[in-house]
Amino acid sequence: MNGFALGAEQEEWCGRLRALSAARLRPLADKGEPGRVNRPLLAELGELGLLERVFDAGALELCLLRESLAYGCTEAETALALQGLGAHPVLRSGTEEQRQRWLPPVRAGRAVAAFALSEPGAGSDAAALALAAEAERPRGGSGTGFGTGSGRGWRLSGEKCWISNAPEADFYTVFARTGEAPGAKGVTAFLVPADRPGLTGEPLDMLSPHPIGKLTFDGVPVGPGDLLGEPGRGFAVAMATLNLFRPSVGAFAVGMARAALDATLAHTARRSAFGGVLGDLQAVAHRVAEMATRTEAARLLVYAAAGAYDAGAPDVPRRSAMAKLLATETAQYVVDHAVQLHGAVALQRGHLLEHLYREVRAPRIYEGASEVQRTIIARELYR
């Protein structure tokens with residue numbers, strides 16, 4: 001890839017992914033229950049080797065993968081992305097034992113991962129999270145009796161909310177306050193299996209069709225063997241994950257925008273109106289041109305951010321924030337105008353655009369709302 005276009009092999013691969021998502025993944029998604037983890041779909045993603053690529057790919061390849069799947073099957077794209085988001089901290093910061101235990105079944109689509117950061121009082125301001133990890137001294141110096149390793153353990157008490165894949169995940173990457181310092185410096189990351197005593201959850205009925213839930217921690221035991229990284233360094237674990245996945249959230253948005261744009265081109269080219277077709281009307285043609293231009297700009301910014309991440313550039317936080325901001329806001333614009341140009345047919349349950357209209361709203365909020373992205377961009381510019 002140069003600064004302006006993908007190479008021929010990349011374009012061919014993306015084309016195959018788009019066709020694959022429509023032919024192999026869309027039927028499985030249609031059989032799934034909205035708001036529930038679709039384990040057959042995950043297993044197929046594993047069988048096709050696509051989950052493997054989430055962990056082995058660079059940021060650009062991850063973006064191309066998410067964009068291409070989103071074009072043909074948003075449910076498959078989201079299932080794949082949530083596996084990466086939940087398990088990437090294990091790949092990056094986990095022990096060898098944790099990686100051996102959890103990553104093979106995640107890659108195969110047999111185990112479901114989740115990233116548990118947000119709380120009822122700490123969404124965009126992740127450093128304000130309140131889930132408490134209270135230190136518990138080992139008895140007689142013989143360990144905590146839970147987790148693995150030696151030394152003290154903790155008890156987790158509090159709530160997490162709006163957690164994708166909850167409460168059906170098999171394990172959670174959980175961020176809790178251990179209190180080494182105020183704010184972000186007192187946060188620690190833990191790997192918490194779903195069957196840990198005291199951990200319960202319930203699903204939430206949300207606008208988006210993918211599973212989202214609430215988790216309650218009632219003295220959930222975690223030990224040194226459950227740590228992801230060092231105590232008090234959990235916020236760095238979270239941010240490292242988000243810096244990788246924010247551009248690819250933009251890629252998800254670009255995939256939806258491109259699907260909406262192509263549907264609009266096809267519709268306006270054949271829909272009879274006022275003695276011709278809709279596309280003959282200047283107002284319609286200019287709107288479609290604007291949709292296409294914004295989509296292309298967002299696509300290029302996403303690729304640039306991913307390229308910067310892969311190159312180890314120092315300005316990744318700014319580029320990632322810009323890519324997510326522009327792409328998600330653009331996708332909202334494009335899908336909304338696609339619905340408008342289609343008219344009432346696009347409001348029917350089951351129509352592609354009705355589906356995209358529900359899907360496109362959430363990415364402007366999760367993994368840092370648009371307002372947070374603007375704050376990050378401004379902070380980096382003035383640094």
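The values are calculated or read from the model by the stated rules, or taken from the named source; none is laboratory data. Keep in mind it's a predicted model, so treat the numbers as computed, not measured. With ideal geometry, Cβ positions are generated from the backbone for all residues, glycine too; neighbour counts draw on all protein chains shown.
With part of a helix (DSSP H, G or I), hydrophobic (A, V, I, L, M, F, W, C) and touching a Gly at 6+ places or on another chain (Cβ under 6 Å) as the only criterion, which of Val288, Val254, Val237 stands out? Full working, then the answer.
Working: Val288 fails: touching a Gly at 6+ places or on another chain (Cβ under 6 Å); Val254 fails: touching a Gly at 6+ places or on another chain (Cβ under 6 Å).
Selected residue: Val237, the only one of Val288, Val254, Val237 that is part of a helix (DSSP H, G or I), hydrophobic (A, V, I, L, M, F, W, C) and touching a Gly at 6+ places or on another chain (Cβ under 6 Å).
Residues checked against (1) free of Cβ contacts under 8 Å to residues at least 12 places away in the same chain; (2) of a type in the set (Gly, Ala, Ser):
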site: Ala8; (1), (2): yes, yes
site: Ser21; (1), (2): no, yes
site: Glu52; (1), (2): no, no
site: Glu75; (1), (2): no, no
site: Thr78; (1), (2): no, no
site: Arg92; (1), (2): no, no
site: Thr95; (1), (2): no, no
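Can you list residue pairs whose Cβ atoms sit under 8 Å apart, with the first residue in the range 192-204 being without any contact (Cβ under 8 Å) to a residue 24 or more places away in the chain and the second being part of a loop (DSSP other than H, G, I, E, B) and of a type outside the set (A, V, I, L, M)? Count only pairs 6 or more apart in sequence or on different chains.
Between residues of the range 192-204 that are without any contact (Cβ under 8 Å) to a residue 24 or more places away in the chain and residues that are part of a loop (DSSP other than H, G, I, E, B) and of a type outside the set (A, V, I, L, M), the close pairs are Pro193/Asp170.
What pairs come out if I take residues in the range 337-349 that are in contact (Cβ under 8 Å) with a residue 12 or more places away in the chain and pair them with residues that are of a type in the set (Val, Ile, Thr) and surrounded by 12 or more Cβ atoms within 10 Å (Cβ to Cβ) whose C-beta lies under 8 Å away, six or more apart or interchain?
His337/Thr264; Ala338/Thr264; Leu341/Thr264; Leu341/Thr268; Leu341/Val284; Leu341/Val288; His342/Thr264
State which residue pairs qualify: first residue under 16 Å from Gln10 (Cβ atoms) and touching a residue at least 24 places away in the same chain (Cβ under 8 Å) and inside the range 288-303, second residue small (Gly, Ala, Ser) and surrounded by fewer than 22 Cβ atoms within 10 Å (Cβ to Cβ) in any location, beta carbons under 7 Å apart, and separation of 6 or more residues or different chains.
Once the first residue is under 16 Å from Gln10 (Cβ atoms) and touching a residue at least 24 places away in the same chain (Cβ under 8 Å) and sits in the range 288-303, no partner that is small (Gly, Ala, Ser) and surrounded by fewer than 22 Cβ atoms within 10 Å (Cβ to Cβ) comes close enough.
Please note which helices (runs of 4 or more DSSP H) are completely contained in the range 1-64 and include at least 3 residues that are among the aliphatic types (A, V, I, L, M). Reasoning before the result, please.
Details: elements: 8-20, 26-31, 39-47, 50-56.
Of the helices (runs of 4 or more DSSP H) lying wholly inside the range 1-64, those with at least 3 residues that are among the aliphatic types (A, V, I, L, M) span 8-20, 39-47, 50-56.
Residues checked against (1) under 22 Å from Ala311 (Cα atoms); (2) under 16 Å from the mean Cα position of the chain (by Cα); (3) assigned by TED's automatic domain parsing to the domain that holds Lys324:
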| residue | (1), (2), (3) |
| --- | --- |
| Glu12 | no, no, no |
| Arg16 | no, no, no |
| Ala29 | no, no, no |
| Asp56 | yes, no, no |
| Arg66 | yes, yes, no |
| His88 | yes, yes, no |
| Thr95 | no, no, no |
